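First comes the structure, then the notes that go with it.
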Amino acid sequence: MADEPVKQSRRDQILAAAAELFARHGFHGVGIDDIGAAVGISGPALYRHFRSKDAMLGEMLTQISQRLLDGGQARVEVATDPDHALRELIRWHVDFALDDPALITVQIRNLANLTDPDRRRVRALQRRYVEVWVEAIRKTSPEVDEPTARAAAHAVFGLINSTPHSAHLDRDQMAKLLSRMALASLSGALA
């Protein structure tokens, strides 16, 4: 039984379809009827699951940010040393970007479309995720100050998050390339 796939909830199906549509057409280019059609229900039936398209985007971006934070923290907690922690953070973010390119695109393009409370929530989670990276970078390179570590983390995110536009190799090759590039960029910049 443990090997059976977990059935996606209707809310998760809606969010996945909305992410694909938002990534392809932009938040304002997608109507509630488009999202409903993508999951086989009427647009108005979506209101049983979400109060608005804005609420859908808010939940989507909050979930993305929480997932990144939780995954990053989990990998650092089990790492055997600082170098291992940094490699695991890179692997985690690369896997996320390659496995969910629509979510990366939506996250990059639609932060400004969130309501103020959702934007504050997402930004707080994102800051915490960045701090996981800053701490890992500083543990591997103690001479690096916090602003430099923070800038380096954001630069690596930019590299990895470019995958919706740059992933021209098969998934495994792209994962290896991105991981090597991210580690090399951090090693070179922080040496």
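Just so you know, all these numbers are worked out from the coordinates, no wet-lab data involved. In this text, all values refer to a predicted model and were calculated from it rather than measured experimentally. Because the Cβ atoms are built from the backbone with ideal geometry, glycine has one as well, and the counts that use them run over all protein chains shown.
Mind pulling the angle between the C-alpha long axis of helix 82-99 and the longest principal axis of the chain? Nearest 10 degrees, somewhere in 0 to 90.
That works out to roughly 30 degrees.
Once you charge only the Cβ atoms, +1 for Lys and Arg and -1 for Asp and Glu, what is the size of the charge dipole of the chain about its Cα centre, to the nearest 20 debye?
So the magnitude is around 460 debye.
With a ≥ b ≥ c the root eigenvalues of the C-alpha gyration tensor of the chain, is it rounded (a/c under 1.5), prolate (a/b larger than b/c) or oblate?
prolate
Between the helical axis of 146-160 and the dominant principal axis of the chain, each derived from Cα atoms, what acute angle in degrees is found, rounded to the nearest 10?
Helix 146-160 sits roughly 50 degrees off the main axis of the chain.
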